[in-house]
Each structure stands twice: as structure tokens, then as C-alpha cells.
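Q: Just dropping this structure here.
The values are calculated or read from the model by the stated rules, or taken from the named source; none is laboratory data. Just so you know, these numbers come straight off a predicted model, no measurement behind them. For neighbour counting, all protein chains shown are included, and Cβ atoms are generated from backbone atoms with ideal geometry for every residue, glycine included. Note: areas computed on protein heavy atoms with side chains; ligands, DNA, RNA excluded. Shrake-Rupley method; radii C 1.70, N 1.55, O 1.52, S 1.80 Å.
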Amino acid sequence: MRTPAITTPTRPNSASSGSTGSGPGSGVGGGPRSGRTPRRPAAAAVTAACAAVVALVAGCGTDTTAGVVPEGWGTLKTSAVTVAHPPAFTPQSAGERSTYNAAAATLTKDGKDVGMITVQLDFTNADSVDEAAIGAEAGIALGSTLGKQRKVEVAGPEGRTEARRIDFEFTEKGSRIKGVIVAGLDSAKKSYAVRVDAAKGRLGDGDLTKIIDSITLT
């Protein structure tokens, strides 16, 4: 398996650098910010609003697991982002991983790499979450089957932070590889991308969800 890195150099002069984020919800905090101070409604309205929030959180299914490292898992730590990895993945040292990756871990089977998790920081000059996602998509190999971007949220020092999830698939040496990238802006407003690649059948959907839910901005 090739190293699944977004090989765009740091702060490049690329198409994504000039993008203004044309997708829906363009920009960080494109929607209403939870930190805004609302007007004081009547008590009944407050009760109804709280009930609605509780119902929404209960329906999301990931809020309680955001930033949580599952028991027995390891962690890839960088200066801006951390992400958990299943115990079967082995972290790479600085000398082993690509120079583009701030952290990486591999899954091997019979001496061959069948899965990889990578973290890249400041890989493109982005001013919004959408621009970061565009830059991340640029690192996906030509000929891949690209899914639609989805809005997601990751844990951060000030609560939930918006990001983008990109799903894709490609074939390498006869094996079908499933990939996911979660991209956004870190706490310093610089781009980051967490990428997970695995041969089909080597990483369960449950573990993939746990990996994504564990992403935390520091």
C-alpha cells in the first residue's frame, strides 16, 4: 500500500489557496455560533429549547464519544491534532513516515501494509474549512471514486468544531482500498487532515467511526 499522504507542500501556491469555499456553509462557523448570547426568552420557551437540544444530542450518537480514546487503543499526537488508532496499528517513527505526515500508523498483514492512518498539518493555505477540504481532495489519486463531502464535527478546546469528511475508494495492485479524510482548520486556524486508508475488510465500520470520533484539536 502506498503511503496515503496529501503530497501538497506546506503553504502551496495551488488552486485551493485562492478558493473562497464555494460549498454550502462556506467558512468556519458558517452557521449560527453556539457561543452567541441569545436574548432571554420566556421560561416556557427555554424549557422547550432545552428539550429540543437534548433530543438532538441524543439523536446524533457521536457527541458523547467525541475526543474519546477507546480502551486499549493508542494515540497519534501532534502539535495541533490527536487521533486514536486500534491496537493492531503500529505508529511510525519520524524516520519511517513521509515528511508530509506529522504522525502515522500502519496496519500490516502477512508482512504487507493493508491500512494506514496519517495526520497532516498546515498542508494548504486555507482560510476556511471548505478550502481545507478542497486541498485534501487534491491529494486523492486520479481515478478514485469520490464520495460527496459531509459536514462533521470534531472535539476541540472550546467544544465541537466543524470539519469536512470525504469518502473515496481506489484500486491498488488488485485490492480495493477504502479511504476517509477528515479535514478542517485547527485551533490556530491552519489546515489539518486526518486520513484513514484500509483494504476492504481490514477495518470494520465500527473501528472507523471510533477513529473519526477520537479526532481532537489541541
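Q: Filtering segment 176-188 down to residues that are over 15 Å from Arg150 (Cα atoms) and touching a residue at least 60 places away in the same chain (Cβ under 8 Å), which residue is farthest from the chain's Cα centre (by Cα)?
A: It comes out as Ile177.
Q: Consider only pairs whose beta carbons are under 7 Å apart and that are at least six residues apart or on different chains; among these, list those whose first residue lies in segment 106-128 and is under 29 Å from Pro87 (Cβ atoms) and whose second residue is basic (Lys, Arg) and in a strand (DSSP E or B).
A: Going by the 7 Å Cβ cut-off, the qualifying pairs are Thr118/Arg195.
Q: Quick check: anything in segment 132-144 open to solvent by 10 Å² or more (accessible area, probe 1.4 Å) and either within 19 Å of Leu107 (Cβ to Cβ) or in a strand (DSSP E or B) (or both)? Steps first, answer last, please.
A: Taking segment 132-144 as the starting set, the residues that turn out to be open to solvent by 10 Å² or more (accessible area, probe 1.4 Å) are 134, 137-144.
Subsequent filtering for residues that are either within 19 Å of Leu107 (Cβ to Cβ) or in a strand (DSSP E or B) (or both) retains none.
The answer is no, given that none of the residues of segment 132-144 is open to solvent by 10 Å² or more (accessible area, probe 1.4 Å) and either within 19 Å of Leu107 (Cβ to Cβ) or in a strand (DSSP E or B) (or both).
Q: Please identify the pairs in which a residue from segment 146-175 that is part of a strand (DSSP E or B) has its Cβ atom under 9 Å from the Cβ atom of a residue that is aromatic (Phe, Trp, Tyr) and at pLDDT 95 or above, counting only partners at least 6 apart or on another chain.
A: Going by the 9 Å Cβ cut-off, the qualifying pairs are Leu146/Phe168; Ala163/Tyr192.
Q: Could I ask something else about it? Output the residues belonging to segment 202-216 that are in a helix (DSSP H, G or I) and out of contact with any Ser or Thr (no Cβ under 9 Å at 6 or more places or on another chain).
A: Asp205, Gly206, Asp207, Leu208, Ile211
Q: For residues in segment 156-171 being in contact with a strand residue (DSSP E or B) (Cβ under 6 Å, 6 or more places away or on another chain) and of a type in the set (Gly, Ala, Ser), which is least open to solvent (accessible area, probe 1.4 Å)?
A: Ala163
Q: Further question on the same structure: Identify, by number, the condition in (1) open to solvent by 40 Å² or more (accessible area, probe 1.4 Å); (2) of a type in the set (Gly, Ala, Ser); (3) closer than 25 Å to Val68 by Cα that Gly174 doesn't meet.
A: With (1) open to solvent by 40 Å² or more (accessible area, probe 1.4 Å); (2) of a type in the set (Gly, Ala, Ser); (3) closer than 25 Å to Val68 by Cα applied to Gly174, the lone miss is (3).
Q: A further question on this structure: Please work out if Ser214 is on the phi < 0 side of the Ramachandran plot, modelled with pLDDT of 95 or more and touching a strand residue (DSSP E or B) at 6+ places or on another chain (Cβ under 8 Å).
A: So Ser214 fits the description; yes.
Q: Please find, within segment 61-117, the residue that is nearest to Glu172 (Cα to Cα) out of those that are part of a strand (DSSP E or B) and open to solvent by 70 Å² or more (accessible area, probe 1.4 Å). Spell out the reasoning first.
A: So the first thing to find is which residues in segment 61-117 are part of a strand (DSSP E or B), and the list is 74-77, 81-85, 90-91, 103-109, 112-117.
Imposing the further condition that a residue be open to solvent by 70 Å² or more (accessible area, probe 1.4 Å) reduces the set to 77, 90, 108-109, 112.
Working: Lys77: 29, Thr90: 21, Thr108: 15, Lys109: 16, Lys112: 13 Å.
Checked segment 61-117; the qualifying residue nearest to Glu172 (Cα to Cα) is Lys112.
Q: Does Gly179 satisfy being within 17 Å of Ala80 (Cβ to Cβ) and crowded, with 20+ Cβ neighbours inside 10 Å?
A: For Gly179, the condition - within 17 Å of Ala80 (Cβ to Cβ) and crowded, with 20+ Cβ neighbours inside 10 Å - is not met.
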